[in-house]
Protein chains: 4
Amino acid sequence: MYGKKVWFFPDGDRPPFGDSLMKGHESYIVLNPNNADAHLSFTLYFEDREPVRDIKMTVGAERVACFQTHRKEHFGEYVLPLSTQYAVKVESDTPVIVQYGRLDARQENLAYYTTMGWTGGE
Amino acid sequence: MYGKKVWFFPDGDRPPFGDSLMKGHESYIVLNPNNADAHLSFTLYFEDREPVRDIKMTVGAERVACFQTHRKEHFGEYVLPLSTQYAVKVESDTPVIVQYGRLDARQENLAYYTTMGWTGGE
Amino acid sequence: MYGKKVWFFPDGDRPPFGDSLMKGHESYIVLNPNNADAHLSFTLYFEDREPVRDIKMTVGAERVACFQTHRKEHFGEYVLPLSTQYAVKVESDTPVIVQYGRLDARQENLAYYTTMGWTGGE
Amino acid sequence: MYGKKVWFFPDGDRPPFGDSLMKGHESYIVLNPNNADAHLSFTLYFEDREPVRDIKMTVGAERVACFQTHRKEHFGEYVLPLSTQYAVKVESDTPVIVQYGRLDARQENLAYYTTMGWTGGE
């Protein structure tokens with residue numbers, strides 16, 4: 001099996017849609033290259049309040065999924081507020097690979113922001 | 001030998017060419033710093049259908065190659081559709097180092113998106 | 001515990017605020033996913049003078065913090081000069097995950113620059 | 001000692017200066033956090049010709065250095081041609097941390113492109 005079961009993303013910040021052709025958004029893109037479905041649990045960390053825990057999502061075997069923080073069908077009641085610092089931990093029962101992407105359209109042209117997540121322990 | 005034999009890229013998304021001076025595109029850039037040719041096999045993962053497997057490419061010993069997802073000479077019949085979420089696994093018989101780059105020109109100015117691939121298992 | 005106790009960032013360069021809606025800035029975003037507070041010490045490296053050592057910051061247990069290099073409440077007397085190459089080491093008594101982000105607004109539209117920090121020894 | 005002695009960068013591509021306020025360029029930023037000077041050797045890889053080997057540079061103990069590919073004082077006779085795919089290996093006798101940065105100004109607004117280098121062997 002390829003991938004890891006725990007991933008971290010320090011710099012989450014949901015951008016507004018903006019007025020451009022491309023709408024501003026941010027995404028956690030999860031690749032499950034293995035033969036079993038991956039059941040994910042997201043934890044959201046904030047600057048000044050307790051984490052929101054155990055937001056559940058699923059990625060099928062040998063599939064990729066793109067979870068966007070403004071979508072109720074992905075984050076339910078935990079849709080992220082705009083322009084607020086937060087961070088994410090992704091846990092999975094099957095190893096996966098997770099990347100973060102942001103498209104900012106607050107000005108005329110889009111700007112991109114991406115990083116692979118971080119894995120590993122002390 | 002330097003490098004790894006398996007690389008993952010969760011966030012593939014082929015941009016349109018756009019109307020700018022620079023044409024939008026995305027690339028998988030493969031460095032083979034070793035003394036033997038590297039024979040690669042790409043697997044493409046999608047959101048809602050089976051993977052496309054075993055697209056073959058080659059990188060010579062001590063050479064770099066840039067594989068662009070809109071080029072038939074690189075991806076053959078598997079040229080990627082536009083603006084569609086997909087992911088990639090790159091396997092190689094010789095260790096290599098693989099980076100992803102996207103140039104988006106859907107608006108007046110270009111935007112860049114890059115990450116080193118992820119390697120490693122559970 | 002998740003994370004690492006030492007992180008490196010080679011490419012620091014504080015941008016001017018600029019004239020755009022979004023003000024130019026750079027940040028070190030620290031996620032502490034563990035159950036103990038993290039006491040951080042930043043070291044700043046320069047091209048042609050001795051490092052500035054032991055700038056202290058704190059991130060609470062299960063919190064994220066965004067330290068911006070133009071803020072006196074974060075960097076005190078060590079607020080970074082503009083457009084000057086420097087680098088950072090972050091040390092922590094509790095494992096953390098650290099990402100760097102820059103928003104450049106020197107021209108009409110913003111440009112983003114981010115990377116996860118690097119950890120590890122020889 | 002912190003850092004690694006060998007770093008790889010698959011996607012080098014020197015941009016033109018352009019007509020913007022900020023001039024287009026690309027850089028290899030090397031942090032030497034250790035107590036001994038780092039003597040570096042760059043190898044440049046190309047698509048269709050032999051590598052250029054052993055371009056020498058130095059980074060002092062506890063210093064950061066920014067090597068730009070258009071500068072003769074850094075790359076000597078090996079200043080990179082414009083808009084040509086190449087890749088880099090950086091070797092050092094003292095462990096270092098190396099990041100790549102590109103500022104593209106071919107259109108009105110700048111675009112950034114960065115990644116930490118990759119280290120490790122099979």
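The values are calculated or read from the model by the stated rules, or taken from the named source; none is laboratory data. Just so it is clear, the model here is predicted, and its values are computed rather than measured. Cβ atoms come from the backbone with ideal geometry, glycine included; neighbour counts cover every protein chain shown. When the accessible area is computed, the model is the full protein with side chains, heavy atoms only, and any ligands, DNA or RNA have been set aside. Shrake-Rupley method; radii C 1.70, N 1.55, O 1.52, S 1.80 Å.
Does A:F9 satisfy being touching a helix residue (DSSP H, G or I) at 6+ places or on another chain (Cβ under 8 Å), assigned to a strand (DSSP E or B), closer than 14 Å to B:D11 by Cβ and more than 7 Å from every other protein chain (Cβ to nearest Cβ)? Spelling it out, it is not the case that A:F9 is touching a helix residue (DSSP H, G or I) at 6+ places or on another chain (Cβ under 8 Å), assigned to a strand (DSSP E or B), closer than 14 Å to B:D11 by Cβ and more than 7 Å from every other protein chain (Cβ to nearest Cβ). Of the residues making up the stretch B:14-38, those that are at pLDDT 95 or above and in contact with a Lys or Arg (Cβ under 7 Å, 6 or more places away or on another chain) are B:E26, B:N32, B:P33. If I ask for residues that are in a strand (DSSP E or B) and buried (at least 21 other Cβ atoms within 10 Å of the Cβ), which ones from the stretch B:113-122 would you list? Once the filter is applied, which keeps residues that are in a strand (DSSP E or B) and buried (at least 21 other Cβ atoms within 10 Å of the Cβ), the stretch B:113-122 yields B:Y113, B:T114, B:T115, B:M116, B:W118. Inside the stretch B:66-111, residues that are open to solvent by less than 20 Å² (accessible area, probe 1.4 Å), under 17 Å from B:F9 (Cα atoms) and in a strand (DSSP E or B) make up a count of 15.
Quick one: is A:H70 without any contact (Cβ under 8 Å) to a residue 24 or more places away in the chain and over 19 Å from A:M116 (Cα atoms)? When the stated conditions are applied, A:H70 does not pass them.
Just need a number here: residues in the stretch C:1-13 that are within 26 Å of D:Y100 (Cβ to Cβ) and open to solvent by 40 Å² or more (accessible area, probe 1.4 Å).
2
To keep it simple, each residue is scored yes or no on (1) in contact with a Phe, Trp or Tyr (Cβ under 9 Å, 6 or more places away or on another chain); (2) within 19 Å of D:A87 (Cβ to Cβ).
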| site | (1), (2) |
| --- | --- |
| B:L31 | yes, yes |
| B:T43 | no, no |
| B:R49 | no, no |
| B:D54 | yes, no |
| B:M57 | yes, yes |
| B:R63 | yes, yes |
| B:F67 | yes, yes |
| B:E73 | no, no |
| B:G76 | no, no |
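State all residues of the stretch D:1-45 that are in contact with a Cys (Cβ under 7 Å, 6 or more places away or on another chain) and hydroxyl-bearing (S, T, Y); if no residue qualifies, say none. Full working, then the answer.
Kept after step one, since they are in contact with a Cys (Cβ under 7 Å, 6 or more places away or on another chain), are these residues of the stretch D:1-45: D:27, D:29.
Answer for the stretch D:1-45, where residues must be in contact with a Cys (Cβ under 7 Å, 6 or more places away or on another chain) and hydroxyl-bearing (S, T, Y): just D:S27.
Checked against (1) within 15 Å of A:G12 (Cβ to Cβ); (2) part of a strand (DSSP E or B), A:T58 passes all but condition (1).
If a residue must be among the basic types (K, R) and in contact with a strand residue (DSSP E or B) (Cβ under 6 Å, 6 or more places away or on another chain), how many such residues does the stretch B:42-55 contain?
Qualifying residue count for the region: 1.
Among the residues of the stretch B:14-41, write down those that are touching a strand residue (DSSP E or B) at 6+ places or on another chain (Cβ under 7 Å) and open to solvent by 30 Å² or more (accessible area, probe 1.4 Å).
B:R14, B:P16, B:M22, B:H25, B:A36, B:D37, B:H39
Output yes when any residue across the stretch B:100-122 is touching a Cys at 6+ places or on another chain (Cβ under 7 Å) and not hydrophobic (A, V, I, L, M, F, W, C), and no when none is. Looking through the stretch B:100-122, none of the residues is touching a Cys at 6+ places or on another chain (Cβ under 7 Å) and not hydrophobic (A, V, I, L, M, F, W, C). Scanning the stretch A:65-122 for residues that are facing another protein chain (nearest Cβ under 7 Å) and at pLDDT 95 or above yields a count of 15. How many residues are in a loop (DSSP other than H, G, I, E, B), more than 18 Å from C:E50 (Cβ to Cβ) and more than 9 Å from chain C (Cβ to nearest Cβ) when one looks only at the stretch D:18-41? So the answer is 4.
Considering the stretch C:42-60, the residues that are open to solvent by 20 Å² or more (accessible area, probe 1.4 Å) and touching a residue at least 12 places away in the same chain (Cβ under 8 Å) include one that is farthest from the other protein chains (Cβ to nearest Cβ), namely C:K56. The condition of being within 30 Å of D:V6 (Cβ to Cβ) and in contact with a Gly (Cβ under 8 Å, 6 or more places away or on another chain) holds for only one of B:A36, B:A87, that being B:A87.
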